[in-house]
Amino acid sequence: MSANEPILHNLKKSVETWDYDLMERSVADALSAGIPSDVIVSQGLGKGMETISDLFNEGRIYLPQVLMASRTMEGALELLRPQMEANDHVYRGTIVMGSVQGDIHEIGKNVCCAMLRGAGYRVIDLGPDVSPYKFVEAAKEYGANIVGGSALMTTTLIMQEKMVKTTREDGCPVFLIFGGAPCTPEWVEKIGGDGYSASGAEIVKLVKSLMDSDETHSTSLREPVHSTGGDS
Ligand code: B12
């Protein structure tokens, strides 16, 4: 067992039991032990959120508990923000992120933002419930390379398609990437998106591969890129 395992275990447990004090102590322990923030998120806190999703899906906990776990996770991401943004002086690109219109779920999107910031990208987080038009406006305002839309409900998935239509009609030259529980590589291909990733750990690889392929800044003739590995 590595020396970091008890700390990662406590990070996971703090989200599973929505124990805010334990979360604050464990994040402090993790940072003093020099655990990188992407590992803190993917192997500690994120694992706890996976348990919460499973318990909720199995009907063993209810929305109030999910909300408390979410708040614990959000609090941890906020504490990690300075470390995640420490290398922001040399941006590798600009990514606009948001949860699609009608969708207030943002934990997964926030994990993705944290991972991307940690990997040296400038991330403009538009928050939850973002209209396709607002995505396009922000992409133009910040000169984004990539725009990412998160959808957690089958009912809001359609907004990802609207994002593609609105962006392409506008002619805004960005790559469009999508994710969220009901989103699949097949769906992204069908709606004409540029990439899909199943997790925050994989989004960094996805973004890098799109940035590497972006020689022309053209939005046409792109092959979709999919990155489907887990957060482990
Ligand atoms: C937490 C949660 C909530 C919290 C959200 C808190 C917050 N601030 O985000 C609260 C309690 C507020 C909530 C509310 C609701 N929820 Co809810 N919620 C969940 C739950 C349990 C977990 C979601 C989560 O955070 N997962 C953990 C994160 C880390 O994983 P993730 O989101 O999948 O993100 C990862 C990947 O998908 C990917 N990714 C995510 N986004 C993106 C974006 C891009 C660009 C890329 C590349 C990748 C990517 O990377 C992420 C990190 O690894 C899910 C269950 C589930 N199985 O998903 C239900 C779930 C999504 N909720 C559901 C519902 C129905 C609701 C409500 C309507 C409930 C209600 N009756 O009021 C409301 C939503 C209202 C609205 N308009 O949006 C349903 C949706 C069903 C459907 N139609 O598809 C689910 C599936 C539960 C269920 N089984 O019924 N919810």
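The values are calculated or read from the model by the stated rules, or taken from the named source; none is laboratory data. These figures come from a predicted structure and were not determined experimentally. Please note: Cβ atoms are built from the backbone with ideal geometry, for glycine as well, and neighbour counts cover all protein chains shown. With ligands, DNA and RNA removed, areas are computed over all heavy atoms of the protein, side chains included. Shrake-Rupley method; radii C 1.70, N 1.55, O 1.52, S 1.80 Å.
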Quiz item: In the stretch 86-137, which residue that is among the hydrophobic types (A, V, I, L, M, F, W, C), farther than 24 Å from Val15 by Cβ and more than 14 Å from the ligand (Cβ to nearest atom) is modelled with the lowest pLDDT?
Solution: Val90
Quiz item: Consider His105 against the criteria (1) in a loop (DSSP other than H, G, I, E, B); (2) over 22 Å from Cys183 (Cα atoms); (3) open to solvent by 10 Å² or more (accessible area, probe 1.4 Å): it satisfies all of them except one. Which criterion is unmet?
Solution: (2)
Quiz item: Is the stretch 125-138 home to any residue that is polar (S, T, N, Q) and either touching a strand residue (DSSP E or B) at 6+ places or on another chain (Cβ under 6 Å) or open to solvent by less than 10 Å² (accessible area, probe 1.4 Å) (or both)?
Solution: no
Practice problem: Look through the stretch 166-190, keep the residues that are of a type in the set (Gly, Ala, Ser) and under 28 Å from Asn57 (Cα atoms), and return whichever of them is surrounded by the most Cβ atoms within 10 Å (Cβ to Cβ). | Solution: Gly179
Practice problem: Go through the residues of the stretch 64-82 one by one and say whether even a single one is open to solvent by less than 10 Å² (accessible area, probe 1.4 Å), touching a residue at least 40 places away in the same chain (Cβ under 8 Å) and outside the structural domain of Pro36 (by TED's automatic domain parsing). | Solution: no
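Mind checking which residues of the stretch 26-57 are of a type outside the set (Gly, Ala, Ser) and touching an Asp or Glu at 6+ places or on another chain (Cβ under 9 Å)?
Correct list: Ile35, Val41, Gln43, Lys47, Met49, Glu50, Thr51, Ile52, Leu55.
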Self-check item: Filter result (open to solvent by 70 Å² or more (accessible area, probe 1.4 Å) and under 19 Å from Ala181 (Cα atoms)) within the stretch 44-63
Solution: Glu50, Asp54, Phe56, Asn57, Glu58, Tyr62, Leu63
Quiz prompt | Residues (of a type in the set (Gly, Ala, Ser) and open to solvent by less than 60 Å² (accessible area, probe 1.4 Å)) located in the stretch 3-42 | solution = Ser14, Ser26, Ala28, Ala30, Ala33, Gly34, Ser37, Ser42
Quiz item: When only residues in the stretch 143-159 that are under 13 Å from Met97 (Cα atoms) and within 9 Å of the ligand (Cβ to nearest atom) count, which is surrounded by the fewest Cβ atoms within 10 Å (Cβ to Cβ)?
Solution: Ile146
Quiz prompt | Filtered residues of the stretch 184-220 (kept if modelled with pLDDT of 95 or more, assigned to a loop (DSSP other than H, G, I, E, B) and of a type in the set (D, E, K, R)) | solution = Asp194
Quiz item: Quick one: how many residues across the stretch 20-55 are within 15 Å of Leu79 (Cα to Cα) and outside any helix (DSSP H, G or I)?
Solution: 3
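Return the residues of the stretch 160-183 that are away from the ligand (no atom under 11 Å from the Cβ) and in a loop (DSSP other than H, G, I, E, B); say none if nothing qualifies.
Selection gives Gly171, Cys172, Pro173, Val174.
State yes or no: is Met153 of a type in the set (A, V, I, L, M, F, W, C) and over 16 Å from the mean Cα position of the chain (by Cα)?
no
Each row is one residue, and each column tells you yes or no for (1) within 14 Å of the ligand (Cβ to nearest atom); (2) within 25 Å of Leu206 (Cα to Cα).
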{"residue": "Leu22", "(1), (2)": "no, no"}
{"residue": "Ala28", "(1), (2)": "no, no"}
{"residue": "Ser32", "(1), (2)": "no, no"}
{"residue": "Pro36", "(1), (2)": "no, yes"}
{"residue": "Val39", "(1), (2)": "yes, yes"}
{"residue": "Met49", "(1), (2)": "yes, yes"}
{"residue": "Ser53", "(1), (2)": "yes, yes"}
{"residue": "Glu58", "(1), (2)": "yes, no"}
{"residue": "Arg81", "(1), (2)": "no, yes"}
Quiz item: When you scan the stretch 83-120, how many residues do you find that are without any contact (Cβ under 8 Å) to a residue 40 or more places away in the chain and not acidic (Asp, Glu)?
Solution: 10
